[in-house]
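Data block below; observations after.
Every number here is computed from the coordinates shown, using simple stated rules; none is lab data. In this text, all values refer to a predicted model and were calculated from it rather than measured experimentally.
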Amino acid sequence: MALGESTKNQEIADFALRNTMPYVQTIDRPVEPLTAVKKSLLKNLFLGMILGITLAGLIILLRKLYLDAGR
């Protein structure tokens, strides 16, 4: 009797699994590699020049303020 009940439960489970669509979800989808971004030499030179002028002006201003405060 136990064998019959177990076989019946196995058949019910087998039937249920065959009639349902398994739920599969993509977790980590593959992507193409990113393209390399080339740095522009002209743009970098311009930004370096602007940064250099700004820092030089700041240093000159701070030095002048320091020397004027000492008098």
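Quick notes
- In the chain, the longest principal axis of the Cα atoms and the axis of helix 41-69 are about 50 degrees apart.
- In the chain, the calculated helix contribution to ellipticity at 222 nm averages -23500 deg cm²/dmol per residue, counting -39,500 (n - 2.57) for every DSSP H run with n ≥ 4.
- Remark: the Cα gyration tensor places the chain in the prolate category, a/c being 1.5 or greater and a/b exceeding b/c.
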